[in-house]
């Protein structure tokens, strides 16, 4: 456990090294980046191997940072943090494997990439809200440059939209947190300190503060109607970046909601609970419907991300241990599955065919040209629509079980989302990979051989195996993660807001 | 020798292993993939027989083996295995029919380029189906249920280069998933009410008396008992999977898959899963029977849905021209009978019919496959004809299947199992309407099967393909013969004179009756079968079709009715006009909102952000320069910079925004500290 803070330092050091290595050669930068990501991931896994599930948060580092303001450099971890840092390590490693072909300014690309990862690790490990906020900002800035410099379709627009939303969100968070800090007597930004202070706030104060903080974080989690940055951002981003964006950055928002907004302001949350739940449900269905009619392959996946994140938010809104466990499991699951989907669409297909229009793709016999990509996408699509055997099934099931105890209507409405997910995923699979209509027995058209597509490379295959392996492992054995998550949610810190689940 | 419940997982595991091997085998490894699949299925059959042997020792016992899947705080989610006569009989049926169909596929799919993939999918399907049978947990059953749906999606869409096959696969998956939605909700409700999804768990399972009493004790909206509500939601899943009205529309389209798939999935096993599900949770479905003042009993709904489906399928089958579609609608109709039996409180009769139907329907589909294969994929009965002489084995076997389906008295299995259902319907004290619907369907079944026989096997070939058809090799005909034998013999397991099957399934010894007990109803149904056969022969057999283009005699007599039936009573059009259109509108609306409305919101927020940046910047410069004049200068300068930013210098703009935020942070922080 105590090695976990090193993930942050390793990532930032790796970022510098990658920048320097980029001056030598692109290959050097790649290998430095991969080594960094694997090292950090290895650290998380070794921490996980020695982790004893417990309700209490384990402090890793605690030192005064800005003593006059009571800001501390306080890093801590529990089962939830652990789940998410393992996800970060996995997504970062896979993302680098799928960015192996970045040729221009490779060093800078990976430097920004690793800086982002470092920030993400920091957020998941922070126990001081101000520190968390700083890491949160660190994670957002590289995002902008990654998209603006290495992106594709309307990248400036997508990058700007993402940056605007992110900063607007963080401004709200900051405002809410500072208000709570000031109202609580300015003693400190520690999560537990603030929670203690917040217990003495009036209902009105809690309601307003919760609204600011939750909304600020929920923007980054893709909550309807503040989700539009996500699809455009995903579409514009280079593959590795959209994998991170969907894989971990959206989780930052959801994590902030769970770690900061809910436990600090339980009374405020109680007021907003139905509103959040319905926005989450609308998000699930609405994004599913939008995904059903998109013509850009990446937009389909982008909206599916929003739809799946709706389940996370709904799980949080249901506010019981089961639903929240499911929400954290869904964060992991979606991180892996969305990463895989973006890898197929962005890296395997787009960079070979140079089109993402479904209308164009359906004319290509992609299943024959890229059989590996086709199989991967079918499996990832099945995972995404919640097929048993993949991680999405236990995650969504647990959320629904939990939501049912809070409100049957919510569970009913959200379950319809599972149906919509099946519809748009099947459409995407059929149109993109199996759209080519051939008459039986006809030999492949000569045009197919005129522009042979590059075969799938080894790094791509490795990345696919990693992500698919993870989703299947958790699909078959969800206890691996739930065993960490559930005890953490039964801690007194979360029990102020979550119901049902005394240990 | 017996197989204990702890080892029963081997039965689904073997085909799963075969599927994995098939998936990893390159296209060339045809023998390996097919060999593994058939070997796994055969061994699974042997193991199933051993399991049956064990289950018969004490038929009333439900042997279980439970384990925890995951922990949800103070409650766990458990899975488990179950071995009782119901499971064991179904296992034997599925593995036996499955093995024969796998062997038949060797011949049928010989020329297909994706032979290995086909066997991989078939094995995956078999594994999921067998897993569904051994589940002792509604959740494990649901998991396998979904995998069965997935395998059927892959197999229906196996020839995905045909647009109709791709569309049919999607339709099957989505339609059954609509039913599964109810199943899922029922499961959630059950779990939250009983804290368990295990069927049998030493007195704590959700099908055991103590828990059921709790479920019938509480009521929900409308005065329904809780068990009724949960039961009906679970029944939705069965409606979808077993092709019951109103979700039957996917089943006939599913015939786009290769014929062995139709035989295995859409006749013998997968569609039976819904019937099996209701038979499995029968204690839950029947729990509300003791309550008197409730608006409706769960089983009453099941009975009426079943009766409607039985009649509807039979009516529509009369006017179909595709040999596989006729059989598909007959499947819909027969599944309706099974549901009817469950609904009127005779689960043993339902399972008896399920078993006999599995054999004779697999036989009919493989027979049709044999015809289609010989006639080079000609499926239109109007263009076939005269195959009686050219395909003698197929003809003989198909006739046995047809007579079993039509319920030809005494000799054929279908007669006995259908008799059981009709008698149960007769004794039902709620309504006699389902009985009359069932009896009507008896006439129609005999009628449309006679039409099929006359068109396909009699007369002379009405197309080039039909004229040059010849008998298939032994790999295809031997399974037919074996199934034909079963289609006859199997009936004697459950006759009134020796009700072995009923005793085993209910776990109670049932006294043999005279065969002719309740002879009036039996006589009536014999007369009805005779009438159907006779009428069919009178219309289609006496004057055989001469040309493929000639109108159907019924069409000439009743053009309007015939067209409506041929159009499948417009269910597909109705759904297209309602559900699909609604769906399309919702999607278009959401898309519009996202592009226009939220897009506008983005622009608004964007300009808000720009405004904030500008204000901050001007305040900043203001503070540095001081004085009114420089303020004006600052505003002007900012305006100029702003116009530069507009041309796309976004980095600079972002910097501005960042600076603005830092200033804001400092102001607020320092203000807070004071």
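The values are calculated or read from the model by the stated rules, or taken from the named source; none is laboratory data. Worth saying up front: this structure is predicted, and the values here are computed from it rather than measured. We place every Cβ from the backbone using ideal geometry, glycine too, and count neighbours over all the protein chains shown.
Observations
- Consider the range A:485-503 and keep the residues that are surrounded by fewer than 24 Cβ atoms within 10 Å (Cβ to Cβ) and farther than 15 Å from residue A:192 by Cα. The one that is modelled with the lowest pLDDT is A:503.
- Flag if residue A:390 is more than 9 Å from every other protein chain (Cβ to nearest Cβ), at pLDDT 85 or above, part of a loop (DSSP other than H, G, I, E, B) and at negative phi: yes
- Of the set (1) away from every other protein chain (no Cβ under 11 Å); (2) at pLDDT below 90; (3) more than 26 Å from residue A:489 (Cα to Cα), all apply to residue A:340 but (2).
- Among the candidates B:128, B:213, B:221, B:172, residue that is within 12 Å of another protein chain (Cβ to nearest Cβ) and surrounded by fewer than 24 Cβ atoms within 10 Å (Cβ to Cβ): B:221
- Pairs where the first residue, in the range A:56-72, is within 14 Å of chain B (Cβ to nearest Cβ) and the second is assigned to a strand (DSSP E or B) and surrounded by fewer than 18 Cβ atoms within 10 Å (Cβ to Cβ), C-beta under 9 Å, 6+ apart: A:65/A:73; A:70/A:64; A:71/A:64; A:71/A:65
- Matching residues, the range A:396-423, being more than 9 Å from chain B (Cβ to nearest Cβ) and either buried (at least 21 other Cβ atoms within 10 Å of the Cβ) or in contact (Cβ under 8 Å) with a residue 40 or more places away in the chain (or both): A:396, A:399, A:406, A:407, A:410, A:413, A:414, A:417, A:421
- Within the range A:117-155, the set of residues being in contact (Cβ under 8 Å) with a residue 40 or more places away in the chain and over 23 Å from residue A:65 (Cβ atoms) comprises A:143, A:146, A:147, A:149, A:150, A:151, A:152, A:153, A:154, A:155.
- Residue A:278 meets the stated requirement of being at pLDDT 90 or above and out of contact with any strand residue (DSSP E or B) (no Cβ under 6 Å at 6 or more places or on another chain).
- Residue B:345 falls short on exactly one of the conditions (1) part of a helix (DSSP H, G or I); (2) closer than 24 Å to residue B:426 by Cβ, and that condition is (1).
- When residue A:196 is tested against (1) more than 9 Å from chain B (Cβ to nearest Cβ); (2) touching a helix residue (DSSP H, G or I) at 6+ places or on another chain (Cβ under 7 Å); (3) modelled with pLDDT under 85; (4) more than 30 Å from residue A:300 (Cα to Cα), just one condition goes unmet, and that condition is (2).
- Criterion: within 16 Å of the chain's Cα centre (by Cα), touching a residue at least 40 places away in the same chain (Cβ under 8 Å) and under 22 Å from residue A:176 (Cα atoms) - qualifying residue of A:254, A:241, A:237: A:254
- Only one entry of A:95, A:22, A:14, A:89 meets the criterion of being part of a helix (DSSP H, G or I) and surrounded by fewer than 24 Cβ atoms within 10 Å (Cβ to Cβ), and that entry is A:22.
- Conditions (1) within 23 Å of residue B:272 (Cβ to Cβ); (2) modelled with pLDDT under 85; (3) part of a helix (DSSP H, G or I); number of the one not met by residue B:401: (2)
Listed here are the residues, each with its yes/no results for (1) over 23 Å from residue B:264 (Cβ atoms); (2) more than 29 Å from the chain's Cα centre (by Cα); (3) within 14 Å of another protein chain (Cβ to nearest Cβ).
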site: B:39; (1), (2), (3): no, no, no
site: B:64; (1), (2), (3): yes, no, no
site: B:68; (1), (2), (3): yes, no, yes
site: B:77; (1), (2), (3): yes, no, yes
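- Residues located in the range B:325-362, provided they are under 14 Å from residue B:452 (Cα atoms) and crowded, with 24+ Cβ neighbours inside 10 Å: B:326, B:327, B:328, B:329, B:330
- Across the range A:157-182, the qualifying residues are those that are without any contact (Cβ under 8 Å) to a residue 24 or more places away in the chain and surrounded by fewer than 24 Cβ atoms within 10 Å (Cβ to Cβ), and the one among them that is nearest to residue A:99 (Cα to Cα) is A:178.
- Flag if residue B:88 is surrounded by 20 or more Cβ atoms within 10 Å (Cβ to Cβ) and more than 14 Å from chain A (Cβ to nearest Cβ): yes
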